[in-house]
Amino acid sequence: MNDFLTYLQLGYEHISDVNAYDHIVFIVALTAVYRLKEIKKVLWLVTSFTIGHSLSLALATLKIIIVPSEIIEFLIPVTILVTALVNVSRKEESTFEKRFKISYVLALFFGLIHGMGFSNYLQILLGKETSIVMPLLSFNIGLELGQLLIVAIILLAMVIGQKLLKIKHREWALFLSGAAAGIAIILINETRFW
């Protein structure tokens, strides 16, 4: 049980570490366009990111897929930028169901990329573990808990902004998406990919 809690904490810290803020910025961009009344579907959206993340972590840890870290370091901020640009290009009147389906596919695919970004570190942590099932499961549960905390903070800030400051939802979504895009561009320029 102790190992379970250790990997659970590592997963939580992985997503909530402000020094590795790229994952936080991605979750902000991913959820920026949604309203509080859409919370159930937002939770599924975030879970789809975790599923992609879990799958690539398992495949990379087992060395079934190997992608150079320079490429992953470049692709992670690209996922943030693409998500932000999709948000900005959406029309306010687009139906939620259509918006959700596109975002679900993006979250799942982008989760694959983000998972590969952590796989080298996880391989070192696992060492000569005979089974990776429990460590991966507990790590990803911790990841999901951290993401849910981030979503709760974003939605709370949105409600406060809309109720107290009278910020319109579209302005909120554009502000968060624009900030995420700006951060992504900075991260892209800092990668060793160039």
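None of the figures in this text is laboratory data; all of them are computed from the coordinates on show. No experiment lies behind these values; they were computed from the predicted model shown. Virtual Cβ from ideal backbone geometry, glycine too; neighbours counted across all protein chains shown.
Tabulated data for the structure shown
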quantity	calculated
Stretch gain in nm, segment Asn19-Leu145, where the contour uses 0.36 nm per residue and the Cα spacing is subtracted	43.5 nm
Potential extension, Lys166-Ile186 segment - 0.36 nm per residue separation minus Cα distance	4.2 nm
The range 8-145 - charge dipole about Cα centre, Lys and Arg +1 at Cβ, Asp and Glu -1, debye rounded to 20	520 debye
Cβ-based exposure ranking for Val42, Val67, Val86, in which fewest neighbours within 10 Å come first	Val67, Val86, Val42
Label-to-label distance, nm, for residues given as Lys40 and Tyr104 (7 Å Cα→Cβ offset)	1.3 nm
When the convex hull of its Cα atoms is projected in every direction, mean area for the range 1-67 (nm²)	6.1 nm²
Overall dimensions of the chain as given by Cα atoms, namely Rg and Dmax in Å	16.8, 55
Two-site FRET efficiency, Ala179 against Leu5, from Cβ-Cβ distance with R₀ of 35 Å, rounded to 0.05	0.55
The chain: DSSP helices with Cα axial extent of at least 15 Å and average Kyte-Doolittle hydropathy no lower than 0.0	39-61, 69-89, 96-126, 133-163, 169-190
